[in-house]
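Shown next, in structure tokens, is the structure this report addresses.
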Amino acid sequence: MIPNDTPSSSSPEVSGTAKKQFILLRGLCRDAGHWGVLPNHLEKHFSEDEVHCLDLPGNGIFHEHLSPVKIDDYAEHLNELIQNLAHSDNRYFIGVSFGAMVGLQYRNQFSSEIKKFFLINTSHGGLSPFWQRMKFKYYPLILSLPLIPSLEKKLLDVVCNLNGKNEATANKWQKIRKQRPVRPLSFIKQLRAAAAAKPELIVNQDDLIILSSIQDRFVSPQCSKILAKTLKAPMETHDTAGHDLPEDAPEWTLQQIVEYLA
């Protein structure tokens, strides 16, 4: 895995590459360190290709930066990071939740850069009501998260149905929170950007795949369903995983990617 803070992904390359490039982007207050084993699975299966785990502005290696409030600016940020990679005609985007929203906006602004977008447990402000886009009972937890790192353990239990009690993962998430804390104002701005996110819905481009967890307790799976229907995109569903589908079911997630790229 090539994280977004290594020379190979932060410095422009002169020559191009025929390798596949997998661009991975997490959601609200998440960073490259929250991906779990999916990047390793991708590296193992696509051993000749590249996996790049990038960070949103305000998260990860950019945690000292102030997040923007418009989703267009997140897409611009993503484009800047991608332009620093070696040129490739075989780029594939994998985004979770708010990261997938940013990917959808990026598709509108820079559509020629990515061949396929895998959008995981995401939503659209113009299609789904706010009470489906984030279950109301979890608002207090989310709003407290920037101030209380120990709540990462509770969050893991909420967004994961199969791996929610994993102490090693909970400890890792708490460590990330302490090492790369998201500024409270950045967190609020990310929430506002996600709430207002209404990327243009461009259909019939055959470049979108929606992945959804039927048992998502954090965001209603109806959000993915209506997005897939509106965009006329194929949707694959997991029967038992939670909102953090790559954490709960990394092998299944990999399988969907492999099958759609076959």
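The values are calculated or read from the model by the stated rules, or taken from the named source; none is laboratory data. Everything quoted here is computed from the prediction, not taken from an experiment. So basically every Cβ, Gly included, is an ideal-geometry build from the backbone, and we count neighbours across all protein chains shown.
Starting from the stretch 235-250, take each residue that is of a type in the set (Val, Ile, Thr) and list its partners that are modelled with pLDDT of 95 or more, counting only C-beta distances under 7 angstrom and pairs at least six apart or across chains.
So the pair list comes out as Thr237/Ser212; Thr237/Ile214; Thr240/Asn161; Thr240/Gln215.
Take Leu254 and decide whether it is assigned to a strand (DSSP E or B), in contact (Cβ under 8 Å) with a residue 60 or more places away in the chain and closer than 27 Å to Tyr92 by Cα.
no
If Leu42 meets every condition in (1) of a type in the set (A, V, I, L, M, F, W, C); (2) modelled with pLDDT under 80; (3) in a helix (DSSP H, G or I) apart from one, which number is that one?
The number of the failed condition is (2).
Among the residues of the stretch 180-203, how many are farther than 19 Å from Tyr139 by Cα, surrounded by fewer than 16 Cβ atoms within 10 Å (Cβ to Cβ) and in contact (Cβ under 8 Å) with a residue 60 or more places away in the chain?
So the answer is 4.
Could you grab me the full set of residues in the stretch 150-169 that are assigned to a helix (DSSP H, G or I), within 18 Å of Phe218 (Cα to Cα) and under 19 Å from the mean Cα position of the chain (by Cα)?
Glu152, Leu155, Leu156, Asp157, Val158, Val159
Filter the stretch 55-84 down to residues that are under 16 Å from Tyr106 (Cα atoms), in contact with a His (Cβ under 9 Å, 6 or more places away or on another chain) and not acidic (Asp, Glu) and give me whichever is surrounded by the most Cβ atoms within 10 Å (Cβ to Cβ).
Leu56
Take Leu141 and tell me if it is modelled with pLDDT under 95, in contact with a helix residue (DSSP H, G or I) (Cβ under 9 Å, 6 or more places away or on another chain) and assigned to a helix (DSSP H, G or I).
Considered against the rule, which asks whether it is modelled with pLDDT under 95, in contact with a helix residue (DSSP H, G or I) (Cβ under 9 Å, 6 or more places away or on another chain) and assigned to a helix (DSSP H, G or I), Leu141 comes out as yes.
Looking at Lys175, is it more than 18 Å from the chain's Cα centre (by Cα), part of a helix (DSSP H, G or I) and not hydrophobic (A, V, I, L, M, F, W, C)?
The answer is yes for Lys175.
Determine which single condition Asp206 fails, assuming it passes every other condition in (1) part of a helix (DSSP H, G or I); (2) free of Cβ contacts under 8 Å to residues at least 24 places away in the same chain; (3) out of contact with any helix residue (DSSP H, G or I) (no Cβ under 8 Å at 6 or more places or on another chain); (4) of a type outside the set (Val, Ile, Thr).
Among (1) part of a helix (DSSP H, G or I); (2) free of Cβ contacts under 8 Å to residues at least 24 places away in the same chain; (3) out of contact with any helix residue (DSSP H, G or I) (no Cβ under 8 Å at 6 or more places or on another chain); (4) of a type outside the set (Val, Ile, Thr), Asp206 violates only (1).
Just wondering, is there one or more residues in the stretch 136-149 that are within 16 Å of the chain's Cα centre (by Cα) and buried (at least 16 other Cβ atoms within 10 Å of the Cβ)?
Checking the stretch 136-149: not a single residue is within 16 Å of the chain's Cα centre (by Cα) and buried (at least 16 other Cβ atoms within 10 Å of the Cβ).
Quick test for you: out of Gln215, Gln255, pick the one residue that is at pLDDT 95 or above, more than 17 Å from Ser123 (Cβ to Cβ) and surrounded by fewer than 17 Cβ atoms within 10 Å (Cβ to Cβ).
Exactly one of Gln215, Gln255 is at pLDDT 95 or above, more than 17 Å from Ser123 (Cβ to Cβ) and surrounded by fewer than 17 Cβ atoms within 10 Å (Cβ to Cβ), namely Gln255.
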